[in-house]
Each structure stands twice: as C-alpha cells, then as structure tokens.
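Peer 1: Okay, handing you the structure first.
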Amino acid sequence: MRITRIPRERVGALIGPDGKTRKYIEKRSGVGLSIDSESGEVIIVDEKADPLMGLKVDNVVRAIGRGFSPERAFKLFNDDYYFIIFDINDYVSGKKDHVRRVKARIIGSEGKTRTIIEQMTGATLCIYGHTVCVIVDLNAMEVTKTAIDMLLSGSEHATVYKFLERKQMELKMARYGF
C-alpha cells in the first residue's frame, strides 16, 4: 500500500468522466485506488500486483496531480519512460515573485523555450505550482534534466539551446540504436 497526495483541484482529472480514468488505471495495472476528494489523498493498494506496477501507478497518479493529462501520464506504464519533478523552491527563495520569474524562464516567450525542449528531447513538460515536471524516455532523460537544471540555475536561454543542439544528434542516434 502506498499513499500519495495530489492537489484537490486535480482529483477530478484522476477520476475522469464517469470514473473512466480511475477504472483504466486499475484495469491496466491490477492495482486498486482509493481517492479522498476532500483531502486529495490517494491510497494505492498493490498487494496482489507486481511491486514495480505500484511504483508506476504512483508516478501516473503524481503526474496527473501535477497537471499532465491522463493520456500523457499513461506513458509512465511503459518501462522506458520516467517521471521527474523539479521543485523551483530548491533553486530560488520561496518568494512568489522569484518562483513566477523562474517558471516564466522555463516556459519562455509564448511558450518558445518549453516547445524547444520538448521538440529537441521528445520530453513532455508541465509547469504547475512551484514545480516543473517531465515525462521523458530513458534516452533523453539526462539531456532533459541538464537543460532544465541549467534554466532553473540561471543559464541564458541561448546557452541552453546550444547545449540541446549539440545533444540532439546523440539523442537521434540513441533512438535508432546506434
């Protein structure tokens, strides 16, 4: 049994229309979900399931809780995909203005920076609250983590874009097994 908590406003996304999302997760994984709509607490009952599946469901639940659509979060059932959370408060003082500024750096003007990272790495980003969350495959995990860490640490956008351009060929080769 695992217990995780998601924001109350995301409970509806986890349950889905007529409970479809919850039912899909339970059917796909063999794991039971007990969701408290008031507190946002989710109990994952995985005694009969593969222990690794309990971890995957925990990641799917947390991804949905951090703003990903259920369809994108379902990628985490695949062994090659990982869920990474960056807490912006680890990079700046907890002041709302600082968090807002750093979130804007990740998103970029009209979403440009976020789009570039997603296109060059194949990752999916979600900026929610004081977190930057990523769903990414194993091949692009380190490159994506480094690029986001660079932005959160204050590197210039041009520096991050050049880093991604250098790594893009390596990522393509890794995807095709070279």
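Peer 1: When the residues of the range 112-130 are filtered to those that are within 26 Å of LYS95 (Cα to Cα) and of a type in the set (Ser, Thr, Tyr), which remaining residue is surrounded by the fewest Cβ atoms within 10 Å (Cβ to Cβ)?
Peer 2: Among them, the one singled out is TYR128.
Peer 1: Can you tell me how many residues within the range 45-88 are more than 21 Å from ALA13 (Cα to Cα), outside any strand (DSSP E or B) and within 17 Å of the chain's Cα centre (by Cα)?
Peer 2: 3
Peer 1: Just a yes or no: is a residue in the range 34-41 surrounded by 15 or more Cβ atoms within 10 Å (Cβ to Cβ), in contact with a helix residue (DSSP H, G or I) (Cβ under 7 Å, 6 or more places away or on another chain) and closer than 19 Å to VAL132 by Cα?
Peer 2: No.
Peer 1: Moving to a separate point now. Can you confirm whether ARG166 is within 28 Å of GLU9 (Cβ to Cβ) and either part of a helix (DSSP H, G or I) or assigned by TED's automatic domain parsing to the domain that holds LEU52 (or both)?
Peer 2: Answer is no for this residue.
Peer 1: Here is a check on your reading of the model: is CYS133 of a type outside the set (S, T, N, Q), in contact (Cβ under 8 Å) with a residue 60 or more places away in the chain, surrounded by fewer than 20 Cβ atoms within 10 Å (Cβ to Cβ) and not in a helix (DSSP H, G or I)?
Peer 2: no
The values are calculated or read from the model by the stated rules, or taken from the named source; none is laboratory data. Note that this is a predicted model, so its numbers are computed, not measured. Because the Cβ atoms are built from the backbone with ideal geometry, glycine has one as well, and the counts that use them run over all protein chains shown.
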